[in-house]
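Worksheet for the structure shown next.
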Amino acid sequence: MPATPVKTHFVSHLEYMQSEASKNWEFHLQNMDNLQRESNTTLTFLYVVISASFSAALKLFLDEKFIILAVTLSFLCIYLVTLAVWLLFGCMMARSVKAPANEPKNLKIPDGYTSEQIQQFELENLQERIEYNANRNSSTARQLNRVRVAICFSPIVFVVVLTFIALLWAAGCHE
């Protein structure tokens, strides 16, 4: 039985670079999606906590027995709304994303250039697009992390505001 010839395909360095660049692009796109989901989850959490603190403050104001606590919860609610707005503008507003490939009209081979030269130019362009999206993701992640840390400070904000208002109340500033 005659041996069938084995076809070998050697990948050129340019093809290898294109393949790796494509993988890198996919990674940053996936990271962008993950950051968007994490931002949505954080905003949902903030909505729940804002609603709870607002309704509790309203109930306490109507009861008129725990005015200090009602005012404190109101300030906490304002703090949390500020964090939600920060999250919206820092992470969730629509921003440009660089496409993974160039438009066909820009890939025509002008006179005096080879296909390999155009591919190398396109790799340089892809590198710039990858860097743009990586910087975009880095900015989003930084803002998301800052909002999350600020959320962790909510109990401290609550206690500080409660103490301040209680001291003002005790000093007779409520009249």
Exercise. Conditions: (1) at pLDDT below 95; (2) within 20 Å of residue 36 (Cα to Cα); (3) out of contact with any Leu (no Cβ under 8 Å at 6 or more places or on another chain); (4) of a type outside the set (D, E, K, R). Residue 100 meets all but one. Number of the miss?
Worked result: (3)
Problem set entry | Qualifying residue in the stretch 109-119 (condition: surrounded by 14 or more Cβ atoms within 10 Å (Cβ to Cβ) and either out of contact with any helix residue (DSSP H, G or I) (no Cβ under 8 Å at 6 or more places or on another chain) or assigned to a helix (DSSP H, G or I) (or both)) | yes
Exercise. Does residue 72 qualify as being β-branched (Val, Ile, Thr), buried (at least 16 other Cβ atoms within 10 Å of the Cβ) and within 17 Å of the chain's Cα centre (by Cα)?
Worked result: no
Exercise. Out of the stretch 97-129, which residues are of a type in the set (Asp, Glu) and closer than 11 Å to residue 18 by Cα?
Worked result: 122, 124
Exercise. Within the stretch 40-98, which residues are out of contact with any helix residue (DSSP H, G or I) (no Cβ under 6 Å at 6 or more places or on another chain), closer than 21 Å to residue 166 by Cα and in contact (Cβ under 8 Å) with a residue 40 or more places away in the chain?
Worked result: 67
Problem set entry | Odd one out for residue 150 among (1) assigned to a helix (DSSP H, G or I); (2) in contact with a helix residue (DSSP H, G or I) (Cβ under 6 Å, 6 or more places away or on another chain); (3) within 24 Å of residue 30 (Cβ to Cβ) | (3)
Exercise. Looking at this structure, is residue 65 out of contact with any strand residue (DSSP E or B) (no Cβ under 8 Å at 6 or more places or on another chain), outside any helix (DSSP H, G or I) and on the phi < 0 side of the Ramachandran plot?
Worked result: yes
Seminar exercise, completed: Flagged pairs (Cβ under 7 angstrom, 6 or more apart or on separate chains; first in the stretch 121-133, touching a residue at least 12 places away in the same chain (Cβ under 8 Å); second of a type in the set (S, T, N, Q) and surrounded by 14 or more Cβ atoms within 10 Å (Cβ to Cβ)) are 122/102; 123/18; 125/102; 130/24
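This table checks each residue for (1) modelled with pLDDT under 95; (2) in contact with a Cys (Cβ under 8 Å, 6 or more places away or on another chain); (3) surrounded by 14 or more Cβ atoms within 10 Å (Cβ to Cβ); (4) basic (Lys, Arg).
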{"position": "147", "(1), (2), (3), (4)": "no, yes, yes, no"}
{"position": "156", "(1), (2), (3), (4)": "no, no, no, no"}
{"position": "160", "(1), (2), (3), (4)": "no, no, no, no"}
{"position": "165", "(1), (2), (3), (4)": "yes, no, yes, no"}
{"position": "172", "(1), (2), (3), (4)": "yes, no, no, no"}
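The values are calculated or read from the model by the stated rules, or taken from the named source; none is laboratory data. This structure is a prediction, so every number in the text was calculated from the model and none was measured. Glycine gets a Cβ as well: all are built from the backbone with ideal geometry, and neighbour counts include every protein chain shown.
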